[in-house]
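In what follows, a structure is listed as C-alpha cells, so that the remarks can point back to it.
The values are calculated or read from the model by the stated rules, or taken from the named source; none is laboratory data. Every value quoted in this text rests on a predicted model; they were computed, and no experiment measured them. Cβ coordinates were reconstructed from backbone atoms using ideal geometry, including for glycine residues, and neighbour counts include every protein chain displayed. Side chains are part of the model used for accessible areas, which takes the heavy atoms of the whole protein and leaves out ligands, DNA and RNA. Shrake-Rupley method; radii C 1.70, N 1.55, O 1.52, S 1.80 Å.
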Amino acid sequence: MTAEGSVTLKTAPSSAAPNSVPARWTPDPADSNHTAEVTKHLDNVLPALDSLRSQSGLLSEWGTVLAKRLLSGQRLLAAGNGGSAAEAQHFTAELVGRFDEERAPFSAISLHAESSAVTALSNDYGYEEVFARQVRAHGRAGDVLILLSTSGRSPNLLKAVRAAKERGITTWALTGAGPNPLADACDQAVTVDAISANAQEGHLIAIHAVCRAFDAEVARRAGSNSVGGGQP
C-alpha cells in the first residue's frame, strides 16, 4: 500500500537509492514460490535502516522536543496519503494510547482520519486544500505538524506546510529519498534513502524510534527511570 493518491506526482527513484533494484520486478518463471523476490525485498530493507541510523540524532531530537511540547499542552498534527496516512495514524495512536509502558495520553490528531471533514473539504475546496484548512483550524503556535510521503511531492502536504508556517507551527517531514520538495519545505526532515516500498517501511521504524525518545524524555521529566502512569 504505497500509492499516495492521484494528486501525488511519482518520480523515478533517486540515484542514491539502491542501484541493484530494477524499477520493475522481473520474476523468475522457474521460481514458483517467488522466494527470490521476497528475499530481494527483504534485502532492500537494509538501505532504509542504514539511512535511518545515519539520522538517529535527529530522530532522538524529535522525540525529545515532542515530549517537551506535548507536556506543555501543545499537540501533534499528522497527515499523509495512502500508506503514508496509515503510518501517520499509527504515530498518533502511539501518543494518544501508549507505546510500551503505561503513561498519560497526549494530544495527537491524524488529519486524514477526519472522514467527514476530509470529504467536505475535498468537495468544497479541492483535495489539495484538505490538510491545509485543517491545520488552520486546529493548529496553534508551538504545535508540531509531521507529514509523511514516500515521494515528497504531494500538493496537499506542501500546502499544509505553508498553512503551518502561517500559524507558527513547527513542521517535520518523513519522506523517501531526498532531495524532494516536502523535505525542503519543512523545518526538518528525515529522508529514507531507499525505494518507495522500503522507504515506507522505514517510516514505521522511524516513528517507533521517535516514540522511544519521547517516552524516555517523559520519564526523565517525571523523575523516574521508568515511564510513569501520570503526566508531570
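Ranked by the mean number of other Cβ atoms within 10 Å per residue, highest first, peptides 204-215, 80-91, 121-132 order as 80-91, 204-215, 121-132. Would you work out if the stretch 137-225 is rounded, prolate or oblate? Take a ≥ b ≥ c from the square roots of the eigenvalues of the alpha-carbon gyration tensor; rounded if a/c is under 1.5, else prolate when a/b is larger than b/c, oblate otherwise. Oblate.
Between rounded, prolate and oblate, where does the stretch 171-211 land on the alpha carbon gyration tensor, with a ≥ b ≥ c its root eigenvalues, rounded for a/c under 1.5, else prolate if a/b exceeds b/c? Working shown, then result.
Working: a/c = 2.95, a/b = 1.18, b/c = 2.50.
Note, shape of the stretch 171-211 comes out oblate.
Each residue of the stretch 58-68 is assigned a 3J(HN,Hα), and the resulting list reads 5, 4, 5, 4, 4, x, 5, 4, 4, 4, 4 Hz, derived from the Karplus form 6.51 cos²θ - 1.76 cosθ + 1.60 (θ = phi - 60°), x at Gly and Pro. Karplus-based coupling profile of the stretch 146-155, in residue order and whole Hz: 10, 10, 10, 6, 6, 8, x, 10, 5, x, with θ = phi - 60° in 6.51 cos²θ - 1.76 cosθ + 1.60 and x standing for Gly or Pro. Multiply the residue gap between Arg221 and Ser54 by 0.36 nm, knock off their C-alpha separation, and tell me the result in nm, one decimal place. My answer for the length gained is 57.4 nm.
Taking all protein chains together and a probe of 1.4 Å, list Val96, Val161 from the most accessible to the least accessible.
On the way: Val96 75, Val161 0 Å².
Correct descending sequence by accessible area is Val96, Val161.
Across the alpha-carbon set of the stretch 89-130, the Rg to Rh ratio works out to 1.19, Rh being the Kirkwood radius. Accessible area of Thr170 (1.4 Å probe, protein heavy atoms only, ligands and nucleic acids ignored): about 30 Å².
Gln188 to Ala36: FRET efficiency via 1/(1 + (r/R0)^6), r the Cβ-Cβ distance, R0 35 Å, to the nearest 0.05?
Numbers: r = 38 Å, r/R0 = 1.09.
It comes out at approximately 0.35.
When both the stretch 30-68 and the stretch 97-125 are represented by their alpha-carbon centers, they are found 25 Å apart.
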